[in-house]
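Enquirer: Quick one: the structure is below, questions incoming.
Derivation of every value follows stated rules applied to the coordinates shown; laboratory data play no part. All of these numbers come straight from a predicted model, not from anything done at the bench. FYI the Cβ positions are ideal-geometry reconstructions off the backbone, even for glycines, and counts take in every protein chain you see.
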Amino acid sequence: MAALTMQAGAELDGFTIGERVYRGGMATLWSVTHPGIDVPLLMKVPLTSEGEDPAAIVSFEMEQMILPRLSGPHVPACFGTGDFERQAYVVMERIPGQTLYKRLDNLPLPYDEVRVIGGKVAAALAGLHRQNVIHHDIKPSSIMFRERGEAVLIDFGLSHHQHLPDLLQEEFRLPYGTAPYMAPERLNGVRDDPRSDLFSLGALLYFFTTGVRPFGETETLRGMRRRLWRDPYPPRKLKPDYPPWLQEIVLRCLEIDPAARYPTAAQLAFDLGHPEQVKLTARAQRLNRDSLGTVWRRRFNLGAVPPQPKSNVAAQLASSPIVAVALDLGEGTEALNATIRVIAEQVLSTSPSARLACVNVLKLNRLAIDRSHDEQGQNKHVDRLVALQHWARPFRLEEGRLTVHVLEAIDPAAAILEFAAVNLVDHIIIGARQNSMRRALLGSVSAKVAGEAPCTVTVVRPSRLAPQADDDEAADHQAANAAVTPPSVF
Amino acid sequence: MRLALFADIHANRQAFAACLEAARTRGAERLICLGDIVGYGADPEWAVNTVMDLVAKGAIAVRGNHDNAIGTPSDSMNADAQAAIDWTRSRLSAEQKVFLAGLPILREEDNRLYVHSEASDPAKWRYVRDTSDAARSMMATGLQITFCGHIHRPGLYSMSSTAKMTSFVPTAGVAVQLLTGRRWLVVLGSVGQPRDGDPAASFAMFDTASREITYHRVPYDVATAAARIKAGGLPLWLADRLLIGR
């Protein structure tokens with residue numbers, strides 16, 4: 001009997017079993033050690049004896065398939081798996097600390113604290129979705145945090161991997177998951193839409209900021225199905241001081257139609273990171289739920305909803321990139337900036353849900369003390385924001401898709417790189433500095449960005465026909481163009 | 001051991017040669033041919049000789065319905081297929097015909113079953129179209145993994161210990177571990193006449209140690225394969241469909 005081997009002191013494939021640290025309905029967790037592995041380890045062992053829930057086995061199989069393929073800071077590292085022939089197990093990194101479940105007694109939490117937590121979880125989801133996996137059980141008890149602050153998602157037993165068989169697909173008649181957080185489309189058997197995770201995170205944000213679960217605590221299928229037509233009370237109804245930007249974010253996550261939610265977790269993380277730039281719509285101020293007419297139309301047109309084509313996680317993410325354009329706003333940059341606009345338009349035209357973040361770096365001198373005002377007493381920071389808005393106006397993007405950012409930094413390239421990393425930017429578009437004197441003095445920002453960025457970088461040079469900003473630079477300019485046909489893509 | 005599995009070669013020399021090369025570069029140690037070496041394509045002599053040679057060196061091959069129809073005329077084939085079989089028959093030597101007629105219809109190896117169409121009644125040449133077809137085949141064998149072809153579209157089915165079925169269209173190049181807790185039906189795409197919309201040739205590799213199956217797509221010289229079909233006087237649709245993978 002396989003289960004008998006699980007006791008303290010026993011050895012399994014080189015892992016020495018320590019104490020049992022948890023016993024749940026589907027699995028037990030054991031502390032284990034292995035020579036040569038320094039990080040603390042946990043062995044997860046499914047309950048598979050007679051009469052156990054068959055879901056325990058299937059969800060364990062899913063975790064066994066998915067966890068070893070995942071990487072990055074947002075998941076526990078996997079150190080080994082064992083199959084059902086002998087003793088099924090998964091050995092993973094033990095994340096210290098508690099899950100978010102421990103915070104339930106303290107709800108509601110301050111708005112800004114929830115904003116920060118939500119931003120970390122959204123970044124973790126972005127990392128997971130990029131690996132073609134949908135978690136499908138986002139809830140407080142599946143979220144932990146590393147000491148450095150990154151959110152770690154645990155429990156992949158209900159997850160869906162775009163490139164692996166979905167063993168949960170036909171196993172159960174009822175959707176498997178945690179009722180208060182489950183997205184409405186899950187009730188219709190949809191398991192391949194990453195925006196289901198954004199709904200769950202929205203339910204968590206709602207709960208953590210109001211102390212109330214948006215869809216109550218119902219566990220029945222009938223009760224859960226109500227969310228297919230009935231929207232929750234707007235948080236402002238429960239808490240009059242609820243910030244409009246936060247209600248905008250939360251209610252957008254909780255939209256019944258996945259297409260009305262954020263297109264990607266990265267875009268949600270972006271809004272949580274820049275609350276002052278959240279585009280407020282009618283959602284932000286609502287005090288009441290949808291009218292009964294709307295609700296009844298939804299309810300009795302359920303059958304009329306056309307079947308959704310199978311979604312492709314990777315394609316969906318690719319159609320919704322965060323594009324950052326780094327602009328130099330100094331003298332003589334007009335021609336270059338016009339070319340950058342052309343290139344950015346081309347990128348945006350193929351990505352209907354892309355977001356555009358326009359970034360300018362306000363360079364600080366190491367010794368500068370008063371840096372916010374120039375001689376005229378004008379606020380440089382505000383001037384630059386206005387200039388960025390002006391540059392972006394021809395795109396005619398809906399406001400929610402455009403943000404402008406002035407970064408203050410000593411090293412512009414480092415500031416752009418950090419902005420890209422923190423905001424999960426997919427594509428940086430940057431101009432190559434043409435002024436040889438400045439480039440000689442300052443080094444090439446675009447070269448450093450192109451060399452070190454965590455994402456795609458397009459380095460733009462003005463077209464050959466554009467008028468020269470400075471005749472002295474003609475030779476330098478030609479040399480640059482000779483080397484790389486504009487625009488060059490790295 | 002790394003197995004390379006090929007189904008529905010259909011006398012397509014360019015596609016089969018490309019797949020064999022791709023399998024060699026991936027370290028294939030044992031070759032399995034899942035039937036339909038001939039039919040449709042313009043190079044049956046080369047295809048049969050190549051498989052005969054591989055079998056002499058230890059490869060496994062089973063018989064497909066087109067291989068079968070060379071010696072035992074079928075009354076259930078469509079007109080194009082029938083025309084191609086008659087054309088092919090006239091090209092093959094007596095030795096090649098004996099080889100095709102002598103291929104086994106099923107082969108077992110360890111915990112694996114190799115068959116052209118499916119396992120419940122292999123001589124009936126049924127297609128595995130969905131989970132119920134897959135379940136019927138899986139119920140008919142006690143072996144854990146069945147490999148088959150015949151439908152020219154890749155698919156991967158599993159059956160849990162409680163007889164629940166899953167189906168999956170595999171992604172080329174992504175290894176899937178065939179978990180020991182369930183039974184699996186691995187349906188290969190076609191080497192020589194893909195019908196899933198992708199004209200690239202299809203084969204798979206299976207690692208018996210890690211139990212990982214990886215489906216591969218191999219681009220090959222489709223234009224030459226199609227031109228040879230036209231030049232040989234075979235039905236034109238058999239050439240055109242290669243270009244679109246239908």
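Enquirer: Any number yet on Rg/Rh for the range A:1-127, C-alpha, Kirkwood? If you can, show how the numbers build up before the last one.
Expert: Values: Rg = 16.6 Å, Rh = 16.3 Å.
Result for the range A:1-127 is an Rg/Rh of 1.02.
Enquirer: Within straight cross-link reach of A:LYS44, meaning Cα distance under 25 Å, which lysines are found once same-chain residues fewer than 8 apart are removed?
Expert: A:LYS102, A:LYS139, B:LYS164
Enquirer: Here is a follow-up. The range B:1-45: which trypsin sites (Lys or Arg not before Pro) are DSSP loop and have at most 14 other beta-carbon atoms within 10 angstrom? Could the numbers behind the result be given before it?
Expert: Working: sites: B:ARG2, B:ARG13, B:ARG24, B:ARG26, B:ARG30; in loops: B:ARG26.
Within the range B:1-45, the qualifying trypsin sites (Lys or Arg not before Pro) (loop, at most 14 other Cβ atoms within 10 Å) are B:ARG26.
Enquirer: If each residue of separation counts as 0.36 nm, what is the full-extension length gain between A:GLN7 and A:GLU334 once their alpha-carbon separation is subtracted? Could you put the intermediate results ahead of the total?
Expert: On the way: separation 327, 0.36 × 327 = 117.72 nm, distance 7.15 nm.
Extending this stretch completely gives an extra 110.6 nm.
Enquirer: Report relative contact order for the range B:152-198 in percent, whole number only (criteria: Cα-Cα under 8 Å, sequence separation at least 6).
Expert: Working: 63 pairs, mean separation 25.2, N = 47.
RCO, the range B:152-198: 54 percent.
Enquirer: Over every pair of different alpha-carbon atoms in the range B:1-75, take the mean of 1/r and invert it; report that Kirkwood radius in Å. Don't skip to the end; give the middle numbers.
Expert: Numbers: mean 1/r = 0.0802 Å⁻¹.
Evaluated over the range B:1-75, this radius sits at 12.5 Å.
Enquirer: I've got another one for you. Mind pulling the angle between the C-alpha long axis of helix B:13-25 and the longest principal axis of chain B? Nearest 10 degrees, somewhere in 0 to 90.
Expert: It is inclined by approximately 40 degrees.
Enquirer: Quick check: pseudo-label points 7 Å beyond the Cα along Cα→Cβ at A:ALA318 and A:ASN188, how many nm apart are they?
Expert: If labels sit at A:ALA318 and A:ASN188, their model points lie 2.6 nm apart.
Enquirer: Also, quick follow-up: Determine the gain in length on full extension of the stretch A:THR281-A:SER141; use 0.36 nm per residue of separation and subtract their C-alpha separation, reporting nm with one decimal. Working shown, then result.
Expert: Values: separation 140, 0.36 × 140 = 50.40 nm, distance 3.20 nm.
Full-extension gain reported as 47.2 nm.
Enquirer: Turning to a different aspect of this structure: With labels modelled as points extended 7 Å from the Cα through the Cβ direction, what inter-label distance (nm, one decimal) is found for B:THR72 paired with A:VAL116?
Expert: The modelled label-to-label distance comes out at 7.5 nm.
Enquirer: B:LYS57: which lysines have alpha carbons under 24 Å from its alpha carbon, excluding same-chain residues fewer than 8 sequence positions away?
Expert: B:LYS97
Enquirer: Write down the radius of gyration of the range A:48-200 and its Dmax, each obtained from C-alpha positions, in Å.
Expert: Radius of gyration, then largest Cα-Cα span, for the range A:48-200: 15.6, 49 Å.
Enquirer: May I have the convex hull volume per residue, in Å³, for the Cα set of the range A:177-224? Don't jump to the answer; show the numbers that get you there.
Expert: Numbers: hull volume 2.8 nm³, N = 48.
Dividing the Cα hull volume of the range A:177-224 by its residue count gives 59 Å³.
Enquirer: Please compute the volume of the convex hull spanned by the alpha-carbon atoms of the range A:163-274 and report it per residue in Å³. Don't jump to the answer; show the numbers that get you there.
Expert: Details: hull volume 11.6 nm³, N = 112.
Taking the convex hull of the Cα positions in the range A:163-274, it is 104 Å³ per residue.
Enquirer: Which order do A:LEU254, A:LEU221, A:LEU364 fall in if you start with the one that has the fewest other Cβ atoms within 10 Å?
Expert: Numbers: A:LEU254 27, A:LEU221 12, A:LEU364 15.
Ordered by Cβ neighbours within 10 Å, fewest first: A:LEU221, A:LEU364, A:LEU254.
Enquirer: List, largest first, the extents of the alpha carbons of the range B:122-193 along their principal axes, each in whole Å.
Expert: 36, 32, 18
Enquirer: Would you grab the residues whose amide H sits under 5 Å from the one on B:PHE168? Only those 5+ places off in sequence or on another chain, please, with H modelled 1.01 Å from N.
Expert: B:LEU156
Enquirer: Can you give the angle from 0 to 90° between the axis of helix B:79-91 and the longest principal axis of chain B, with both taken from C-alpha atoms, to the nearest 10?
Expert: Computed tilt is about 70 degrees.
Enquirer: Could you state the number of Å between the C-alpha centres of the range A:227-300 and the range A:101-135?
Expert: 17
Enquirer: Angle between the Cα long axis of helix B:222-231 and the longest principal axis of chain B, 0 to 90 degrees, nearest 10?
Expert: So the inclination is approximately 40 degrees.
Enquirer: May I ask for the Kirkwood hydrodynamic radius of the range B:113-163, worked out over all distinct Cα pairs and given in angstroms to one decimal? If you can, show how the numbers build up before the last one.
Expert: Details: mean 1/r = 0.0911 Å⁻¹.
For the range B:113-163, inverting the mean 1/r across all distinct Cα pairs yields 11.0 Å.
Enquirer: Now, a different point. Would you pull out the residues with amide H under 5 Å of A:ARG355's amide H, same chain only if 5 or more places away, H placed 1.01 Å from N?
Expert: A:ILE322, A:VAL323
Enquirer: Now for a different question. Under a plain spin-label model, where a point goes 7 Å from the Cα along Cα-to-Cβ, how far apart in nm are B:GLU45 and B:SER132?
Expert: Once both label points are built, they end up 4.7 nm from each other.
Enquirer: Provide B:SER202, B:SER161, B:SER117, B:SER167 in ascending order of the number of other Cβ atoms located within 10 Å of each residue's Cβ, fewest first. List each step's numbers first, then the result.
Expert: On the way: B:SER202 30, B:SER161 13, B:SER117 27, B:SER167 18.
The order, fewest Cβ neighbours first, is B:SER161, B:SER167, B:SER117, B:SER202.
Enquirer: Of the residues B:GLY39, B:GLY155, B:GLY71, which exhibits the maximal mean-square fluctuation in a Gaussian network model of chain B defined by a 10 Å Cα contact cut-off?
Expert: Evaluated over chain B, the most mobile residue of the options is B:GLY71.
Enquirer: While we're looking at this one, here's another question. Check the straight Cα-Cα distances from A:LYS363 and name the lysines below 24 Å, setting aside those fewer than 8 residues away within the same chain.
Expert: A:LYS380, A:LYS448
Enquirer: With viscosity set to 0.890 mPa s and temperature to 25 °C, compute the Stokes-Einstein D of the protein assembly as shown, Rh being the Kirkwood radius across alpha carbon pairs; µm²/s, no decimals. Display every interim value, and only then the final one.
Expert: On the way: Rh = 29.6 Å.
For the chosen part, D equals 83 µm²/s.
Enquirer: Only loop residues by DSSP count here, and only those with at most 16 other Cβ atoms within 10 Å; note down the GluC sites (Glu not before Pro) in the range A:22-127 that meet that.
Expert: Details: sites: A:GLU50, A:GLU52, A:GLU61, A:GLU63, A:GLU85, A:GLU93, A:GLU113; in loops: A:GLU50, A:GLU52, A:GLU85.
Sites meeting the loop and neighbour criteria: A:GLU50, A:GLU52, A:GLU85.
Enquirer: Give me the tail of P(r) for the range A:245-294 as a percent: Cα-Cα pairs with distance above 17 Å.
Expert: On the way: 427 of 1225 pairs.
The answer is 35 percent, as a whole percent.
Enquirer: Say R0 is 51 Å: what FRET efficiency, to the nearest 0.05, do A:HIS390 and A:ASN288 get from their beta-carbon distance?
Expert: Working: r = 38 Å, r/R0 = 0.75.
Computed FRET efficiency for A:HIS390 and A:ASN288 comes out at 0.85.
Enquirer: I've got another one for you. How big is the antiparallel share of DSSP beta bridges in the range B:108-201, given as a percent to the nearest 5? Let's see the in-between values first.
Expert: Numbers: 11 of 18 bridges.
Roughly 60 percent of the beta bridges in the range B:108-201 run antiparallel, per DSSP.
Enquirer: Still on this structure, please answer the following. Between A:VAL212 and B:VAL174, what is the FRET efficiency for a Förster distance of 30 Å, r being their Cβ-Cβ separation, to the nearest 0.05? All intermediate terms of the calculation are to be shown ahead of the outcome.
Expert: Details: r = 42 Å, r/R0 = 1.41.
With R0 = 30 Å, the Cβ-Cβ based efficiency is 0.10.
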